[in-house]
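K.L.:
Got a structure for you, written out below as structure tokens; questions coming shortly.
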Amino acid sequence: MRIMTILVAGLAMASSLAVAQEAAKTAPMLHPKAPSGAHVFIIAPKDGAIVGADVHVKFGVKGIKLVPATDPAPNTGHHHLLIDVASLPPKNAPIPSDATHLHFGKAQTETTIHLSPGDHTLQLDFGDFAHMQFDPPIVSKKITIHVK
Ligand SMILES: [Cu+2]
């Protein structure tokens, strides 16, 4: 009876592992769970600020560890700055890397960007080592600045 129980438990474990392996093969990349209380915020410029074309942006993070993108530890990640992005990127793929989605994979906490005159929006979107957004997304308030 005891042997039977062990055998059944062993089979259940093996089959759940097989299911997980199969899911990993077919499933899109998964977004990691956000630790409760984790948040990011734009320290500068202030929402509504009137600024020159060279804009110094400072990033803040609380409740989750800021690390370079080479570190796959859970509950860690790096900043992404979204410039004039209307809606968040799709959650089941890495955050795009282009002129409006900037990655700070060396764990940077500030940058200087160059913007054309007029209104622009800035928003931070925290991502893990694979540049995946968290669930729920760890995003800052979207601010609007006016470039002279
Ligand atoms: Cu990234």
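What follows draws every value from the coordinates through simple rules; no lab data is involved. For clarity, every value in this text was computed on a predicted model and none was experimentally measured. Note: ideal-geometry Cβ built from the backbone for every residue, glycine included; neighbour counts use all protein chains shown.
K.L.:
Going by how many other beta carbons lie within 10 Å of each one, how would you line up 143, 138, fewest first?
P.N.:
Details: 143 19, 138 23.
In increasing order of surrounding Cβ atoms, one gets 143, 138.
K.L.:
Next question, about the same structure. Net charge near residue 105: determine it from the other residues with C-beta under 12 Å of the C-beta of residue 105, scoring Lys and Arg +1 and Asp and Glu -1. Let's see the in-between values first.
P.N.:
Working: positive: 106; negative: 71, 128.
Summing Lys/Arg as +1 and Asp/Glu as -1 gives -1.
K.L.:
Take each of the peptides 37-48, 55-66, 122-133, average the number of other beta-carbon atoms within 10 Å over its residues, and list them starting from the highest. Could you put the intermediate results ahead of the total?
P.N.:
Values: 37-48: 14.5, 55-66: 16.4, 122-133: 21.6.
The densest-packed peptide leads the list: 122-133, 55-66, 37-48.
K.L.:
So who's got an amide H within less than 5 Å of the one on residue 59, skipping anything under 5 residues away but keeping other chains? H placed 1.01 Å off N, in plane.
P.N.:
Here the answer is 43, 110, since their amide H atoms fall under 5 Å of that of residue 59.
K.L.:
Find out how many positive minus negative residues lie around residue 126, taking Lys and Arg as positive, Asp and Glu as negative, among other residues whose Cβ is under 12 Å from that of residue 126.
P.N.:
Numbers: positive: 62, 65; negative: 125, 128, 135.
Around residue 126, the surrounding residues sum to -1.
K.L.:
P(r) tail for segment 39-147, what percent of Cα pairs lie past 19 Å? Intermediate results must be reported in sequence, preceding the final value.
P.N.:
Working: 2249 of 5886 pairs.
Considering segment 39-147, 38 percent of its Cα-Cα pairs are separated by more than 19 Å.
K.L.:
Using θ = phi - 60° and the Karplus relation 6.51 cos²θ - 1.76 cosθ + 1.60, list the HN-Hα couplings for segment 77-83 in order, rounded to whole Hz, with x at every Gly or Pro.
P.N.:
For segment 77-83, the Karplus curve yields x, 9, 7, 10, 10, 9, 10 Hz.
K.L.:
Below 11 angstrom from the Cβ of residue 69, what's the summed charge of the other residues (Lys, Arg +1; Asp, Glu -1)?
P.N.:
Working: positive: 106; negative: 71, 128.
Every neighbour counted, the sum reads -1.
K.L.:
What pairs from 106/142; 65/106; 58/142; 46/148 go past 19 Å between their alpha carbons?
P.N.:
Beyond 19 Å between Cα atoms: 106/142.
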